Amino acid sequence: MGREDEDRERDRDRKEKKEKKKRRSASSESAERSREREKRRRKQQQEVVNKNRKDGGGGMGGQSMFWDGFQWVPRADTGVANDVNASRKNRRLYLGNLPYHLGVTEDSFSKQLYETMRDRGMCNDPNQSPVLHVWFARDKGANYGFCEINSTEETEKALQLDGMLVLGVPVSIKRPNDAVSPAGMIGGVPVGMQMPGQGGMLALPAAQVSATSPIIRIAEILKVDGKTSEDDYNDVKEDMQEGCGQHGKLVMVAIVKPQHAQGNAALQPGDVYLQCATTDDATKVMRAMGHRKYDGRQIMMTSFEESKFMTEVKYLF
């Protein structure tokens, strides 16, 4: 009996060693993919920087770059860099759903915004607050305000904090309608498509995306063909986890492969499904990442019915 116990113990040790080796191998492969992905991103950044230097005619190094959550992209040139007032417009943010009833003040909001940006590495100088001014509307029934950020780069980063919890209440952080974003948008709506009467400094944003389910479907984010490898699928999954996971809690990221779509016309290879913890998390992800580009193509995010996801999609993964 003692011999059998020893044999079982040895078998258990061997299995544990094999499992540890598998985990180390998987971790190593993931780290290698991350390194390769970062190399590609840096190469892409350098190519765009070099192109802008050539096109810039000897300027100050061409356009600056910023990380949009998925890739390095050039910051749009507004053509009015020397206009202080125009710069101020692009550094101003609209604040909505402010919890006045819970006692939020300009000073407390300014402090929280600075600390959140600092903790997430969004400040050009972590020892100096990028929040220059905060103003709250005090009209009866109002719960909105505005803030001015130190630089356009930090303003871009602050937009990623849309839905930030202030005293437990999610606060909207958007561009005002009279501030033109680098993507040619005004208040989140393409130029020329604003509602009549919009454009004043105190106007509310024209549109806000709201999820109707914790499930987000991203249409054909990967172009699948005969050359698509397992690493390509893994790269997309990890990019989604890193990029979208910064804005809302993700439970699962699933990417549809050809074998999943066989016999199921509703599934398209290359589609990605994000299962968020809550509908609020899904809203934050859609607001922060829905207007981005991935691999040079515009992302198309839509809410997907949760019950349908659970019965028709999730079991495949």
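The values are calculated or read from the model by the stated rules, or taken from the named source; none is laboratory data. Since the model is a prediction, treat every value here as computed from it, not as a measurement. Neighbour counts are summed over all protein chains in view; Cβ atoms, including those assigned to glycine, are modelled from backbone coordinates with ideal geometry. Ligands, DNA and RNA are stripped out before the accessible areas are found, and what is left, the full protein with its side chains, is counted by its heavy atoms. Shrake-Rupley method; radii C 1.70, N 1.55, O 1.52, S 1.80 Å.
Taking the range 274-293 as the range and being buried (at least 21 other Cβ atoms within 10 Å of the Cβ) and not aliphatic (A, V, I, L, M) as the test, the residues that pass are 275, 276, 281, 283, 284, 287. Inspect all residues belonging to the range 307-317 and state whether any of them is free of Cβ contacts under 8 Å to residues at least 24 places away in the same chain and at positive phi. Within the range 307-317, none of the residues are free of Cβ contacts under 8 Å to residues at least 24 places away in the same chain and at positive phi.
May I ask you to list the residues in the range 143-172 that are in a strand (DSSP E or B), surrounded by fewer than 20 Cβ atoms within 10 Å (Cβ to Cβ) and touching a residue at least 12 places away in the same chain (Cβ under 8 Å)? Within the range 143-172, 146, 148, 164, 166, 169, 170, 172 qualify.
Listed here are the helices (runs of 4 or more DSSP H) enclosed by the range 210-308 that have at least 1 residues being at pLDDT below 90 and closer than 29 Å to residue 120 by Cβ: 230-244, 279-289. Taken over the range 119-142, the criterion of being open to solvent by 40 Å² or more (accessible area, probe 1.4 Å) and either under 20 Å from residue 287 (Cα atoms) or not in a loop (DSSP other than H, G, I, E, B) (or both) is satisfied by 119, 120, 132, 133, 135.
For the range 238-253, the set of residues classified as without any contact (Cβ under 8 Å) to a residue 24 or more places away in the chain and over 14 Å from the mean Cα position of the chain (by Cα) consists of 253 only. If you check residue 261 against the conditions, is it without any contact (Cβ under 8 Å) to a residue 40 or more places away in the chain, closer than 16 Å to residue 224 by Cα and not hydroxyl-bearing (Ser, Thr, Tyr)? Criteria met by residue 261.
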